[in-house]
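J.: Before I ask anything, here is the structure I am working with.
The values are calculated or read from the model by the stated rules, or taken from the named source; none is laboratory data. A quick note: this is a predicted structure, and the numbers were derived from the prediction, not measured. Every residue, glycine as well, gets a Cβ built from its backbone with ideal geometry; the counts of neighbours run over all protein chains shown.
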Amino acid sequence: MTLRKLDPKTRAFVDDLRKEIVFRDTLCGHSLEYHTTWGLFSPKAIDEGSRLLLDNIEVNATDDTLDLGCGYGPLGLTLAKLAPQGTSVLVDKDFVAVEYSRKNARVNNILNTEIFLSNGFDQVG
């Protein structure tokens with residue numbers, strides 16, 4: 001099988017899509033840096049539904065939380081910041097999402113997380 005060569009304009013477009021997206025945002029008073037990519041939900045900004053959820057959730061400092069379908073981690077990592085003595089479990093069925101969640105936890109020095117691949121609750125124990 002031979003791949004056809006892309007014209008320079010198309011090549012530049014494809015190369016741009018491959019670049020990692022990095023942005024900062026503040027959720028629940030915590031400013032975090034997010035690394036993400038195309039193919040994950042809302043890769044350029046935090047969506048309004050996530051903001052609405054976080055603005056209306058009560059989390060105690062010792063709570064354990066679960067983010068099922070975590071994407072690159074904005075909800076689960078914010079929950080981890082809100083519950084520093086608890087554990088925030090982030091799971092997704094997409095290995096790219098899991099890798100970006102792990103990277104975002106590292107970049108933001110969030111240590112009270114468990115992040116892993118799971119199809120729904122399959123691997124949640």
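J.: Looking for whichever is assigned to a strand (DSSP E or B) and among the polar types (S, T, N, Q) here; the options are THR62, THR26. Which one fits?
T.: Exactly one of THR62, THR26 is assigned to a strand (DSSP E or B) and among the polar types (S, T, N, Q), namely THR26.
J.: Could you list, in sequence order, all residues of the range 29-40 that are exposed (fewer than 15 other Cβ atoms within 10 Å of the Cβ), in contact with an Asp or Glu (Cβ under 9 Å, 6 or more places away or on another chain) and either β-branched (Val, Ile, Thr) or not in a strand (DSSP E or B) (or both)?
T.: GLY39
J.: Which of the residues that make up the range 100-124 are out of contact with any helix residue (DSSP H, G or I) (no Cβ under 6 Å at 6 or more places or on another chain), polar (S, T, N, Q) and in a loop (DSSP other than H, G, I, E, B)?
T.: Once the filter is applied, which keeps residues that are out of contact with any helix residue (DSSP H, G or I) (no Cβ under 6 Å at 6 or more places or on another chain), polar (S, T, N, Q) and in a loop (DSSP other than H, G, I, E, B), the range 100-124 yields ASN108, ASN109, SER118, ASN119, GLN123.
J.: Select from the range 7-56 the residues that are at pLDDT 95 or above, under 18 Å from VAL98 (Cβ atoms) and of a type in the set (Phe, Trp, Tyr) and list them in ascending order.
T.: Those that are at pLDDT 95 or above, under 18 Å from VAL98 (Cβ atoms) and of a type in the set (Phe, Trp, Tyr): TYR34, PHE41.
J.: I've got another one for you. Kindly provide the set of residues from the range 57-96 that are aromatic (Phe, Trp, Tyr) and either at pLDDT below 95 or surrounded by fewer than 23 Cβ atoms within 10 Å (Cβ to Cβ) (or both), ordered by number.
T.: PHE95
J.: Sticking with this one: State whether one or more residues within the range 71-94 are touching a Pro at 6+ places or on another chain (Cβ under 7 Å), more than 20 Å from ASP47 (Cβ to Cβ) and not in a helix (DSSP H, G or I).
T.: Looking through the range 71-94, none of the residues is touching a Pro at 6+ places or on another chain (Cβ under 7 Å), more than 20 Å from ASP47 (Cβ to Cβ) and not in a helix (DSSP H, G or I).
J.: Out of everything in the range 99-122 that is in contact with a Ser or Thr (Cβ under 9 Å, 6 or more places away or on another chain) and of a type in the set (Val, Ile, Thr), what residue ends up being surrounded by the fewest Cβ atoms within 10 Å (Cβ to Cβ)?
T.: ILE110
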